[in-house]
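The values are calculated or read from the model by the stated rules, or taken from the named source; none is laboratory data. Note that the coordinates shown come from a computational prediction; the quantities given were computed from them, not determined experimentally. All Cβ positions, glycine included, derive from the backbone under ideal geometry; neighbour counts span all protein chains shown.
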Amino acid sequence: MAFAADRRLLARLVLLGLLALAWADPPAPWSPPNHDVIVVTDVSASVDGEARQQAHARVARWFEQSNVSLRVAQIRFAGQPDLARPLTPWRPEEGHQWWADADRRAPDGSSATDIDAALAAALRLADPDRPTSLLLLTDGRETGGTAAVRLRQAREAGIPVRLLELPSRAMDGACRLQSLATRDRVGADQSFAVDVFLAGNAGAAGAVALTVDGRPLADRRVHIDASGQGFARFRVDGLTAGTARITATPDGTHCVGRPISRIVNVDGPSRILYVHAAGTRPPFAAALERGGWALRRLPPSRLAGALGGGATALVVLDDIAAPEIGADATEALRDGLDRGLLGLLVLGGPHSFGAGGYRRSPLEALLPVIAEGRDREDPSALMFVIDTSGSMAARDPAGDRLAIARAAIRQTLQGLRPDDAVGLIAFDVEAKVLVALGQHADAADRLPDSLVKGASGGTRVAAALTAGAAALSAAPQSQRILVLATDGEIGDESVAGLAARFAEQRIELVALAIGEDTDTAALERLAAGHRGRVMRVGHAADLPRLMRSEVEALRPAFQPGPRVASVVEATPFGGRPGAQLDGYMVSTARPAARRYLESDLGDPLLATMPVGSGLSAALPGGLGGWAASWLDQPESARWLGGLVAWLGPGTLDGWSIQAALDGDRWSLTVESADFAVDETGPPDGRILLVDPLGRPSEWPLEATAPGRWQATLRLRDAGVHRATAIVGDHRLSHTLLYGPEDELRAPPHEDAIRRWRVEGLATPWDETRHPADGRSGGLRGALLATFLALYLLLLVWERRPPRLASRAAAVLHRWRRQPPTPSIEGNPRS
């Protein structure tokens, strides 16, 4: 009995030991660092340095007392973030000395503070595979960026942000930028005032600089009067239509504070970016210049650069092939249309629409028409005959010619339809059929990938052309096209027979002679057989664009005239153009497009479509030689002027838009002095809003009286918001810069920190909680589970029934007394 009692006592002692060990929560020796803390410290001039050092010491003690394994990083920031310590395991022995070193290296002289940039750097540093939290040490004063946007990003990423608010340093003898006042809407070239207000200690002095869209305008010396106020007035003029950002910035030495910006909406004719081929003189561009429009002419290659910076404009593409403007310019057009910064007008011509590579191109996606006829043309048969000899595999200044040929085939296939038949023949010293003529679902990959370098030596062009003609002759399609790309020559003895066969079988040749030295005389005689085309490719880089455009030029994309233009629906600006066209590019209006003009064959001649907050329009007949009569008639000239004014992002005559901001509520009022009201009353409209993150939203614009519409929008994020009011076919835009500087009733930094807390973007730092938010990385959980299991087993054993205990004792007794079992060797087991 005494022995049993000792065992029960020993079991209880073991359980008490486990409980004590669980209370201590020892770390697991095998576990890696299981939490990351990124400390983001404000070291700008506005923060009290002594208070920052004390805060660092408190944070170091917090890390030392943590019961989890940590990795710690520090980002210091003023105007720019600086990674002072990468993510490395925290060692208690480095504690206070490391923080003291960091404080001594802090650049306290900078008055700029960009919390946004520092938080962005911290989020980039965060490891998505580890639990991470941010500790932000700041006084909340911002002179750049908007921290709230980045704090929301951290919340969406599941990264908590703890805030340790630091006191600001007193600004004895200094002044502070307080507010900026100016008109939110002015006319182009109108002079207007910008007033800047400052506050500070009486007798203090400082300087304020004013910029317009980043360009310096003027500096003003400001003195603080006895009432603690200062004032500076600037004059601004010469602005063009669109928007202008006015920014007042303190000198940062004697005068501090966050730069304050306002957006001024400038009414007037839109700036026009007129894109046309070099060496041409478009008659419509000349007519616009005679009418006094602000016009900038440029070639397609410069469009992407001209669209930079977010300036508003109407972009006119006059007879431009889609590949000529490039992917960057097309993406800039889409972005400008989405944000309501641009209008787009595409004019037809011999090098545009179906003949300009528009089919299924990114540019076509922005247009109200597609480059195909109403009655889709019959399928075609297209055979590529490509030179793969050693000279084609040689390096060109633009790269490997064979690789460029693959890209040319791939781009040309993009303009074909699924029911077109395609094939590929490669040739060097002999001709090889790589892909038989037919319909191939994987043609876009199969054909280019089949093209490989051939043998060195001569090229047998005639044999390859004969093989291609034989394949096309057997094709059932009515249109048969042979595309030849070579840097070799064709013998004169072969031309006559091939030309006759091409004419007999109605095979259209597209011959692309690569290189300046390639002889094209024989190719031109061959092309004369049946609607052939020969093009010299001086630079191999031009091959993809030229191959696609030359092939599409053979497709039925042009409708010759004269054709009669009829009005389907009256345009919002009234009037009408000429009644006749000498031709146009065939296209089909999209379901979402509005057609205003069409031909006597039913093809669209003027169609528009909203793209985001902007408006896109297409004139497939162009405004050049096919529409010469339109430019000569006064009524047509007035109609074209109204078209340009309507499509551009500027305001319309007789229409106005006013805005008012109350907290986060933005009220917009649209008025029209001459809006026609029918018996059903004025129609409701809508507001398309694009927020600072590029997210679109739609709001109702209600008709409150004849010629008046109103809407109230709720703003959430700080930054530039652009609203486009749409009533019928009329569109007006207004831009607002919304941010903390619009709430001047409280000091900016105090107000910012309060908003962060109210919105749940940051929570106050609590020294009593370790960095992992109460999640232990030690052994407490495992030890408590073990304690509970053993304790339950002990209870069950001690409360077992007596009969069960007797039976267990008897079994144990018999097991002890049973004879030993012999081993395998025959010896008894000891």
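When the stretch 685-700 is filtered for residues that are part of a strand (DSSP E or B) and either within 11 Å of Ala723 (Cα to Cα) or within 17 Å of the chain's Cα centre (by Cα) (or both), the ones remaining, listed by number, are Arg686, Ile687, Leu688, Leu689, Val690, Pro696, Ser697, Glu698, Trp699.
The number of residues in the stretch 172-212 being in contact (Cβ under 8 Å) with a residue 40 or more places away in the chain and among the acidic types (Asp, Glu) comes to 2.
Restricted to strands (runs of 3 or more DSSP E) entirely inside the stretch 234-333, those with at least 3 residues that are over 25 Å from Asp116 (Cβ atoms) and modelled with pLDDT of 85 or more are 272-275, 295-298, 313-318. Would the stretch 258-276 turn up any residue that is surrounded by fewer than 16 Cβ atoms within 10 Å (Cβ to Cβ), of a type outside the set (Phe, Trp, Tyr) and closer than 25 Å to Gly719 by Cα? For the stretch 258-276, residues surrounded by fewer than 16 Cβ atoms within 10 Å (Cβ to Cβ), of a type outside the set (Phe, Trp, Tyr) and closer than 25 Å to Gly719 by Cα: absent. Scanning the stretch 468-499 for residues that are surrounded by fewer than 17 Cβ atoms within 10 Å (Cβ to Cβ) and modelled with pLDDT of 85 or more yields Ala470, Ser473, Ala474, Pro476. Can you find even one residue in the stretch 16-39 that is charged (D, E, K, R), surrounded by 13 or more Cβ atoms within 10 Å (Cβ to Cβ) and modelled with pLDDT under 85? Looking through the stretch 16-39, at least one residue is charged (D, E, K, R), surrounded by 13 or more Cβ atoms within 10 Å (Cβ to Cβ) and modelled with pLDDT under 85.
Looking at the stretch 174-205, which of the residues that are more than 30 Å from Trp293 (Cα to Cα) and of a type in the set (D, E, K, R) is modelled with the highest pLDDT? Only one residue tops the list, namely Asp195.
Only residues that are under 24 Å from Leu298 (Cα atoms) and buried (at least 17 other Cβ atoms within 10 Å of the Cβ) were counted across the stretch 221-257, and they come to 6.
Here's the yes/no breakdown for (1) in a loop (DSSP other than H, G, I, E, B); (2) at pLDDT 90 or above; (3) under 30 Å from Ser672 (Cβ atoms):
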site	(1), (2), (3)
Gly578	yes, no, yes
Gly583	no, no, no
Pro591	yes, no, yes
Tyr596	no, yes, yes
Ala607	no, yes, yes
Leu615	no, no, yes
Leu623	yes, no, yes
Ala627	no, no, no
Trp630	no, no, yes
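Ala579 satisfies every condition listed in (1) closer than 30 Å to Leu472 by Cα; (2) more than 37 Å from the chain's Cα centre (by Cα); (3) not acidic (Asp, Glu) except (1).
Take the conditions surrounded by fewer than 18 Cβ atoms within 10 Å (Cβ to Cβ), modelled with pLDDT of 80 or more and of a type outside the set (D, E, K, R) and apply them to Leu601. Does it pass? Yes; evaluated as a whole, the condition is true for this residue. A residue that is crowded, with 21+ Cβ neighbours inside 10 Å and not β-branched (Val, Ile, Thr) occurs nowhere in the stretch 631-639.
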